[in-house]
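Enquirer: First the structure, then my questions, so here it is.
The values are calculated or read from the model by the stated rules, or taken from the named source; none is laboratory data. Small disclaimer: the values here were computed from a predicted structure and weren't measured. All Cβ positions, even for glycine, are placed from backbone atoms using ideal geometry, and neighbour counts span all protein chains on display.
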Amino acid sequence: MVTVKSSQKIFTDSEVASLTGICVEHVHNFAKSRHLGFIARAAEAAGLSADQWLFTLSDLMVLVTLFPKCTH
C-alpha cells in the first residue's frame, strides 16, 4: 500500500521508485510500455529527451497495481 499526501498531485520518477519499491529503470521501462508519465511522452514527441519524468497519482496507482516490487 502506498500512502501520499492528498495535496500532492505530481510525482517524480525517483519519488515513484521510492514509494513503490520499483527501481527507476523498471519504472521508466514500464511507463514507456504503458504510456505513463506525461512529460516524457511530450518531450519524446517533440524529438527531445526528457530529463525528468513526472507521474500523476493515477499513474502511480497503475504502477503499484500492475508491477511487482523489484527484488534486485
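Enquirer: Applying the selection to the stretch 56-72, what residues are under 20 Å from residue 39 (Cβ atoms) and of a type outside the set (Val, Ile, Thr)?
Expert: 57, 58, 59, 60, 61, 63, 67
Enquirer: Here is a follow-up. Helices (runs of 4 or more DSSP H) wholly in the stretch 1-58 with at least 1 residues that are among the aliphatic types (A, V, I, L, M), within 13 Å of the chain's Cα centre (by Cα) and modelled with pLDDT of 90 or more - which ones?
Expert: Result: 13-20, 24-34.
Enquirer: While we're looking at this one, here's another question. I need the full set of residues from the stretch 18-37 which are in contact with an Asp or Glu (Cβ under 9 Å, 6 or more places away or on another chain) and buried (at least 16 other Cβ atoms within 10 Å of the Cβ), in order please.
Expert: 27, 28, 31, 36, 37 - these are the residues of the stretch 18-37 that are in contact with an Asp or Glu (Cβ under 9 Å, 6 or more places away or on another chain) and buried (at least 16 other Cβ atoms within 10 Å of the Cβ).
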